[in-house]
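The values are calculated or read from the model by the stated rules, or taken from the named source; none is laboratory data. Nothing here was measured: the structure is a model prediction, and the numbers come from that model. A quick note on method: Cβ atoms are made from the backbone with ideal geometry, for glycine too, and the neighbour counts reach across all protein chains shown.
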Amino acid sequence: MDEVNGKLISIYIGAQKGAGKQAVVSAELMANEGLSGDHHAGLKPHRQVSFFANETLQEINAAGIEVTAEEISTNLLTEGIAIDTLTAGTRLKVSTAIIEISEARMPCGSLTKIDKRLPKATYLRCGQFGRVITGGVIHTGDSIEIL
């Protein structure tokens, strides 16, 4: 596969379930755990980190559905990579960390609390879950390489 690069637009961590996520400038990805300080870390081996494409978020907002990355519970907002087309097993390098795509995210019912149109708007483009293979510190603006 040819090298493909994208960019990490923002990073979000939620310390408590249901409390929403907060933007951070940098974070530590821990191997076999997830993002340090995020309530999902260590809970489900194949759902350690969530990805969402900034391009999709912009399209949803342009369609009149006002939503933020924090509200849709994403950890890593990407740009320049067709994140929804990646298959399980694809590995991404962010800074020195390596994350393996494990499964597609599916819209959940809680999205209707934000906007009843949101589950349909994110169907088949709700991002991906991944597991952290190699840990490392990541920063907003880091490049993302498909390995």
Residue in region 25-39 that is modelled with pLDDT of 90 or more, crowded, with 16+ Cβ neighbours inside 10 Å and in contact with a Lys or Arg (Cβ under 7 Å, 6 or more places away or on another chain) present: no
Selection count where residues are at pLDDT 95 or above and of a type outside the set (D, E), scope region 108-142: 12
Test: residue in region 127-143 that is surrounded by 14 or more Cβ atoms within 10 Å (Cβ to Cβ), without any contact (Cβ under 8 Å) to a residue 60 or more places away in the chain and under 23 Å from G14 (Cβ atoms): no
